[in-house]
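Worksheet: one structure, shown below.
The values are calculated or read from the model by the stated rules, or taken from the named source; none is laboratory data. The structure displayed is predicted, hence computed values, not measured ones. Note that each Cβ is placed from the backbone with ideal geometry, even for glycine, and that neighbours are counted across all protein chains shown.
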Amino acid sequence: MNQVFMAWSGGKDGCLALHRAITKGLKVRNLSNMVTEDGERSRTHGLSARVLQEQSQAIGIPLVQRRASWQSYEGEFKRMVNDLKQEGIKGGVFGDIDFQEHRDWVERVCREVDITPYLPLWGEEQDKILKDFINLGFKAIVVATKADIMGEDWLGKEINLDFIDQLSEIKKTRDITLCGEAGEYHTLVVDGPLFGKRLEITASRKTFRDEHWLLEILSTELKGKQ
């Protein structure tokens, strides 16, 4: 069985890619996440590093976090992968869908560190990805939006069929991607078939930073499955 890591943001696309990788027989040993230099937030989505650690506990797969600036991101990522290779890791799973620039980066970096990349969602229709995520029983909420596209009222919304319908209406007049692949929004998965426990948000507040609305999660609890 191929042993791999999962490039992890805490969001829906990565979670669905993780589910598909496991279903196809890959052994996911670690979730990997790059964080800011102070170790407080994830580098890509701005989520609290602590929240991602609790999410990892809920899923039951260890989380590896590495600090990096945008300038040092690639070098730190490669060092992390090389360390994981010492533990038997042979590949990495990524949740990218259709941004060729992202795929080019993944394939180049994986080639340079001599591991195999897996992109289970690549090239799939985004409405199908969202519906598969929902139909499998995953639960996710919106935790960040681009303010010029989606306002603060979207924060905390659950990813469900109504959400898809609302985004589809916006898409009629705005150039957006349904999965937020262009950064229109980010999500946090709180429950689903991979979760041994559900992640319950017990306190949060809405903040505005760098032209984005953010749901700052102040506290969480791991609860038994209902």
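Data table
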read-out	value
Residues (touching a strand residue (DSSP E or B) at 6+ places or on another chain (Cβ under 7 Å), at pLDDT 95 or above and among the small types (Gly, Ala, Ser)) located in the stretch 11-50	Gly11, Gly14, Ala17, Ala21, Ser32
Test: residue in the stretch 20-40 that is surrounded by fewer than 15 Cβ atoms within 10 Å (Cβ to Cβ) and either in the same structural domain as Asp132 (by TED's automatic domain parsing) or outside any loop (DSSP other than H, G, I, E, B) (or both)	yes
Residue match in the stretch 73-82 (condition: of a type outside the set (D, E, K, R) and touching a residue at least 60 places away in the same chain (Cβ under 8 Å))	yes
Any chance Asp98 is in contact with a Gly (Cβ under 7 Å, 6 or more places away or on another chain) and more than 17 Å from Met6 (Cβ to Cβ)	yes
Segments classed as strands (runs of 3 or more DSSP E), wholly inside the stretch 105-206, with at least 2 members that are loosely packed, with under 14 Cβ neighbours inside 10 Å	none
Residue among Arg20, Arg50, Arg43, Arg66 that alone is closer than 20 Å to Glu87 by Cβ and either more than 14 Å from the chain's Cα centre (by Cα) or of a type in the set (Lys, Arg) (or both)	Arg66
Filter pass, Gly10 being surrounded by fewer than 18 Cβ atoms within 10 Å (Cβ to Cβ) and assigned to a loop (DSSP other than H, G, I, E, B)	no
Qualifying residue in the stretch 151-158 (condition: touching a helix residue (DSSP H, G or I) at 6+ places or on another chain (Cβ under 7 Å) and either of a type in the set (A, V, I, L, M) or assigned by TED's automatic domain parsing to the domain that holds Gln100 (or both))	no
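One line per residue, one yes/no per condition, for (1) closer than 28 Å to Gly39 by Cβ; (2) among the β-branched types (Val, Ile, Thr):
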position	(1), (2)
Asn82	yes, no
Glu87	yes, no
Val93	yes, yes
Ile97	no, yes
Pro120	no, no
Ile129	no, yes
Asn135	no, no
Ala144	yes, no
